[in-house]
1. State yes or no: is Arg179 among the charged types (D, E, K, R), in contact with a helix residue (DSSP H, G or I) (Cβ under 9 Å, 6 or more places away or on another chain) and open to solvent by 70 Å² or more (accessible area, probe 1.4 Å)?
2. In this structure, does Asp81 turn out to be at pLDDT 90 or above, open to solvent by less than 40 Å² (accessible area, probe 1.4 Å) and not basic (Lys, Arg)?
3. Out of Leu99, Leu103, Leu113, which single residue is modelled with pLDDT of 85 or more and under 31 Å from the mean Cα position of the chain (by Cα)?
4. Check off (1) out of contact with any His (no Cβ under 6 Å at 6 or more places or on another chain); (2) modelled with pLDDT of 85 or more; (3) of a type in the set (S, T, N, Q) for Asn186 and give me the number that stays unchecked.
5. So for segment 208-224 (the condition being over 18 Å from Ala86 (Cβ atoms), open to solvent by 30 Å² or more (accessible area, probe 1.4 Å) and assigned to a strand (DSSP E or B)), does at least one residue qualify?
6. Restricting to segment 60-76, name every residue that is surrounded by 14 or more Cβ atoms within 10 Å (Cβ to Cβ) and closer than 16 Å to Ala320 by Cα.
7. Could you please let me know if Ser271 is free of Cβ contacts under 8 Å to residues at least 24 places away in the same chain, in contact with a Lys or Arg (Cβ under 6 Å, 6 or more places away or on another chain) and surrounded by fewer than 17 Cβ atoms within 10 Å (Cβ to Cβ)?
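The values are calculated or read from the model by the stated rules, or taken from the named source; none is laboratory data. Because the structure is a prediction, the values reported are computed rather than measured. Using ideal geometry, Cβ is built from the backbone for each residue, glycine included, and neighbour counts are taken over all protein chains shown. The protein model used for the area step is the full one, side chains on, heavy atoms only, and it has no ligands, DNA or RNA in it. Shrake-Rupley method; radii C 1.70, N 1.55, O 1.52, S 1.80 Å.
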Amino acid sequence: MFNTFSHPRAALCTLALILGCLLGGCSHDESAQEAAPAFVVHGQQLEVPADSPLRKRLKVAPVELQQAPHELEFPANVEADPAHMANVLPALTGRVVSLDVNLGDHVQRGQLLAVIDSGDLAQAYADVDKARDALNLAKKALDRAHGVQQAGGAAVKDLEAAQSGYVQAEAEYRRAQMRLAALGGNADAKNGARPMQVRAPMDGTITALSIAPGAFVNDATASMMTIANIDKLWVTAEVPEDALGLVAKGQAATAIVPAYPGRTFRGAVYSVGAVIDPASRRDPVRIAIDNADHALKPGMYARASLAAAQPAQVFVPESALLMNNDSTTVFVEVSPWTFERRTVELSYDDNGGARVLKGLQAGDRVVVAGGVLLND
């Protein structure tokens, strides 16, 4: 009998044949495993078989109705509130004797801002002095007329004339005092201390200054300086005409500015403009914002966001959205591990996901992760 294992060459050939058969069998098994489909198409539906590796990679979750406001964002700029801003005008013309504030200074109401030497104010003081002297003289004349009448030596008409003279003198004195007070003068000031004192009409910051010591103020209608209280400011958003229906007075709003990345300023809509700009078709919406630390400055550019109330809508995670040609779609589970592609219509995206206007209902189960593996 021939012993194959006694011949080295025969032994090697036999071993190679056995290994070839074993390797051929393994390769056939792996090919069979790789051939197992990831999903099976049944018309418009995709079924993921029990042995499909996709079952471990797909994540399915139900969608729900959510009540969330819609964030509208608009370009804006920071403005001072006109009700808290004043242009300081000179009551009279004259020469600036001293200037007690500088640009950017914070001032209190009643604080001395400047002193102006004015000839017109000197005339107003003189009018008060003359009116006071005339009143004193009229009072003495009236007292004498009363004394003479009581002694029986004066006619009634003389007393009446003295009484009329006194009333007229008193009225002229009051008029002169009121004019002097309107010009910022002080009727009790001594003759040597009668320059025109310009005082702050309100608390605030000097935001504009146009006079200097020694300069002449020749126009009583020209502003010498501007005081603005910026403890509260307006962020004025330019809202397009088609978005005005979503904006209302008192609505919560926020603003951001390039100067402070990451910081959000919160406020509320103070007013909605009554007239739309015919060129831009936008309406100024003013948002009142507290600015106690004066971080915001009038003239800054900003981005304003308004929270517009919305009805409850279906939200879907953005990871569930897939593009199919020109449509946005999701995969909806119609039965366990069987999915159907469905086109959805979105209104806009929010931080919490995407709002769905059409295509889904609350409770629908959709593929929220791994859907791209079915998107073939």
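1. Numbers: among the charged types (D, E, K, R): yes; in contact with a helix residue (DSSP H, G or I) (Cβ under 9 Å, 6 or more places away or on another chain): yes; open to solvent by 70 Å² or more (accessible area, probe 1.4 Å): yes.
Yes.
2. Values: at pLDDT 90 or above: yes; open to solvent by less than 40 Å² (accessible area, probe 1.4 Å): yes; not basic (Lys, Arg): yes.
Yes: the conditions hold for Asp81.
3. Numbers: Leu99 fails: under 31 Å from the mean Cα position of the chain (by Cα); Leu113 fails: under 31 Å from the mean Cα position of the chain (by Cα).
Exactly one residue qualifies, and that residue is Leu103.
4. Failed condition: (2).
5. Yes: segment 208-224 contains one or more residues that are over 18 Å from Ala86 (Cβ atoms), open to solvent by 30 Å² or more (accessible area, probe 1.4 Å) and assigned to a strand (DSSP E or B).
6. If the condition is that a residue be surrounded by 14 or more Cβ atoms within 10 Å (Cβ to Cβ) and closer than 16 Å to Ala320 by Cα, then Val60, Ala61, Val63 are the ones that fit.
7. Details: free of Cβ contacts under 8 Å to residues at least 24 places away in the same chain: yes; in contact with a Lys or Arg (Cβ under 6 Å, 6 or more places away or on another chain): yes; surrounded by fewer than 17 Cβ atoms within 10 Å (Cβ to Cβ): yes.
Criteria met by Ser271.
The rows are residues; the columns are (1) assigned to a helix (DSSP H, G or I); (2) of a type in the set (Asp, Glu); (3) under 27 Å from Arg342 (Cβ atoms); (4) modelled with pLDDT under 90.
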| residue | (1), (2), (3), (4) |
| --- | --- |
| Leu23 | yes, no, no, yes |
| His28 | yes, no, no, yes |
| Ala32 | yes, no, no, yes |
| Pro37 | no, no, yes, yes |
| Pro49 | no, no, yes, no |
| Val60 | no, no, yes, no |
| Leu65 | no, no, yes, yes |
| Ala68 | no, no, yes, yes |
